[in-house]
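S.K.: Here's a structure for you.
Any read-out appearing in this document is the output of simple, stated calculations on the displayed coordinates, not a laboratory observation. What you are looking at is a predicted structure, and each value in this text was computed from that prediction instead of being measured. Counting neighbours? That spans all protein chains shown, and the Cβs are built from the backbone with ideal geometry, glycine included.
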Amino acid sequence: MIRNGKTNAEIAQILYLSPFTVKSHVKNIFKKLNTTSRSQAVAVALAHGLIDS
């Protein structure tokens, strides 16, 4: 969903989670991928085959 440009609030609504929960998960993704932005995270995930292009 991050890849599709969804905001934390939009993801939270779709998955029936709180925006804080989504924010925490996104933050953890950034840490694991050693990135600081959504676009960087998507690029790294694509480069490592973690998500389909």
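S.K.: Which of the residues spanning the range 1-16 are among the polar types (S, T, N, Q) and not in a helix (DSSP H, G or I)?
M.R.: Result: N4, T7.
S.K.: Given the residues K27, K6, which is the only one that is surrounded by 15 or more Cβ atoms within 10 Å (Cβ to Cβ) and within 11 Å of the chain's Cα centre (by Cα)?
M.R.: Just a single option satisfies the conditions, and that option is K6.
S.K.: If you scan the range 17-53, which residues turn out to be among the β-branched types (V, I, T) and in a loop (DSSP other than H, G, I, E, B)?
M.R.: T35, T36, I51
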